[in-house]
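Input: a single structure, listed below in structure tokens.
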Amino acid sequence: MTTHLNTPLGDEVLDLNAGDRVTLSGMVYTARDEAHLRMQEEGFPFDPKGAVIYHCGPVISGETVVAAGPTTSARMNALTGFLLDAGVRALIGKGGMNADVAGLLRGRAVYLAFTGGCAALAASRMNVRGVWFEDLGMPEAVWALELDHLPLTVGMDAHGHDLFGDVTERAQAEFVRMFPK
Amino acid sequence: MHTVTEQQLCQAVSDATKRALAIAETHLPDDVTAALQAAYASEKNPVARAELGAILENIALAEETNRPICQDTGVPVIFITLPRKIPLTAAIEEGVRDGVARATASIPLRPNVVSPMTRANSGTNCGEGMPIVHISPGDTFTLTALPKGAGSENVSRIAMLLPSRVDDIRRFVVETALEAGGRPCPPVILGVGIGGTFDRAALLAKEALLEPINDMDPFEQQICDDVNRLGIGPMGLGGATTCLAVKVKQAGCHTASLPVAVNIQCWAARRATVEVVL
């Protein structure tokens, strides 16, 4: 079962559970480390209420998205609180985020995992609609990208469930069973 | 045999480099695609199946549209086999550099290469000692491009194990996969170098990634099964497919040493070999 979501997002994200498959359409905003710092200092260039942040450093040629897979989200662990406080409802990235972020998501937002390395697939489902902070360079700028049914997995839900954390815990237990000492 | 000028050699190597990178970046090798398809067919975890489905769709799209498979187009690692009649001169490395710079502009590739301390980006994917070029003797003049992404390279490891504890090799490899978790974009391929010296073990691990993955010996298969038992799954979201293959290469080593290197390769295991045409 796949749930379809349209931005801006609202309380429908609270119904999602870790492990659910969703497709997402509408506007998302890319942000990596530098863009987070800039928005913290200068404020948002877009309306953050119900917005979706995509951890991504795309390759853009003119108006065309050449490649736009996700980057490692954990780098943004300590930079995420202000986004959620401002009303951001979903984060997209790869690899998951830490327990602090899991706590911050509770009751308000979700983390959506997009398959790492799938740059061509991502590019085929999005169009460029705008850009801010271009002085940060192409990968670090904030790009407004309009998605058309991007397939995603709910990695962390708004109830404290974290698929990545569960998998890591089980893998560690299995390793100890395999190599006891 | 007619004499080859330095300029002809440089041009031929440059063309081969550009051609090999263009193929590698947009077309996954058949053995890797087949392994991903087999994983998709046998995977029962619905999340893992969906992840593998996205990967297969991405591979097909990249091929169709001639676009890079992944936005991390890697750093250029080049392997050349040189027949006896071709002179080993600086023209070969110059040709590789030129080919990498041309490929970066034409494919296009993300300019990933920076100076390690200043982090200044050259914009061409070339730098001091980069691209990395390995030349060995061979019967034919071939060039292999192995663009290597950072996510999987960053979680690779090397250890100098106790020579009295050969059994620890397996543990070290599985532990490397455990600590890497979802970060190297699994399902991964593990290149394992055993023996040699500190540096040779790492090179053996990298060379192991050049091997086709449709065939594993019992030792490689055992480690592969062990890693898959961890259940990390595609992208670290859980599932039966964490490791597509383990490939091991060995070299003689000091009686007091046991170097072991594990070079992790993400699912986008890009490699392409072309003939250098003079």
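Below are the figures for this structure:
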quantity: The stretch B:32-54, subset closer than 22 Å to A:Arg125 by Cβ and in contact with a Gly (Cβ under 7 Å, 6 or more places away or on another chain), residue farthest from the other protein chains (Cβ to nearest Cβ); calculated: B:Tyr40
quantity: Qualifying residue in the stretch B:229-244 (condition: of a type outside the set (A, V, I, L, M, F, W, C), within 11 Å of another protein chain (Cβ to nearest Cβ), crowded, with 20+ Cβ neighbours inside 10 Å and outside any loop (DSSP other than H, G, I, E, B)); calculated: yes
quantity: In the stretch A:131-180, residue surrounded by the fewest Cβ atoms within 10 Å (Cβ to Cβ) [restricted to those that are among the β-branched types (Val, Ile, Thr) and without any contact (Cβ under 8 Å) to a residue 12 or more places away in the chain]; calculated: A:Val176
quantity: Tally of residues being in a strand (DSSP E or B), of a type in the set (Gly, Ala, Ser) and within 16 Å of the chain's Cα centre (by Cα) across the stretch B:180-204; calculated: 2
quantity: So B:Arg110, is it at positive phi and either within 14 Å of chain A (Cβ to nearest Cβ) or in contact with a Lys or Arg (Cβ under 6 Å, 6 or more places away or on another chain) (or both); calculated: no
quantity: Strands (runs of 3 or more DSSP E) contained in the stretch A:1-88 and holding at least 1 residues within 14 Å of another protein chain (Cβ to nearest Cβ) and not polar (S, T, N, Q); calculated: A:21-30, A:52-54, A:59-61, A:64-67
quantity: The stretch A:105-124, subset modelled with pLDDT of 95 or more, in contact with a strand residue (DSSP E or B) (Cβ under 7 Å, 6 or more places away or on another chain) and in a loop (DSSP other than H, G, I, E, B), residue farthest from B:Lys148 (Cα to Cα); calculated: A:Ala109
quantity: Boolean, B:Gly191 is touching an Asp or Glu at 6+ places or on another chain (Cβ under 9 Å) and not hydrophobic (A, V, I, L, M, F, W, C); calculated: yes
quantity: Answer residue from the stretch A:86-130, given it is farther than 26 Å from B:Leu52 by Cα and out of contact with any helix residue (DSSP H, G or I) (no Cβ under 8 Å at 6 or more places or on another chain) and is surrounded by the most Cβ atoms within 10 Å (Cβ to Cβ) among those; calculated: A:Val88
quantity: Hits in the stretch B:255-278 (condition: out of contact with any Gly (no Cβ under 9 Å at 6 or more places or on another chain) and either among the small types (Gly, Ala, Ser) or part of a loop (DSSP other than H, G, I, E, B) (or both)); calculated: B:Thr255, B:Ala256, B:Ala269, B:Arg271, B:Ala272, B:Val277, B:Leu278
quantity: Filtered residue count, the stretch A:124-139, keeping only those that are within 12 Å of chain B (Cβ to nearest Cβ) and over 10 Å from A:Pro58 (Cβ atoms); calculated: 3
quantity: Looking only at the stretch B:154-168, and only at residues there that are assigned to a loop (DSSP other than H, G, I, E, B) and under 20 Å from the mean Cα position of the chain (by Cα), the one that is nearest to B:Lys206 (Cα to Cα); calculated: B:Ser156
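The values are calculated or read from the model by the stated rules, or taken from the named source; none is laboratory data. Bear in mind the structure is a predicted one, so any value in this text is a computation, not a measurement. Using ideal geometry, Cβ is built from the backbone for each residue, glycine included, and neighbour counts are taken over all protein chains shown.
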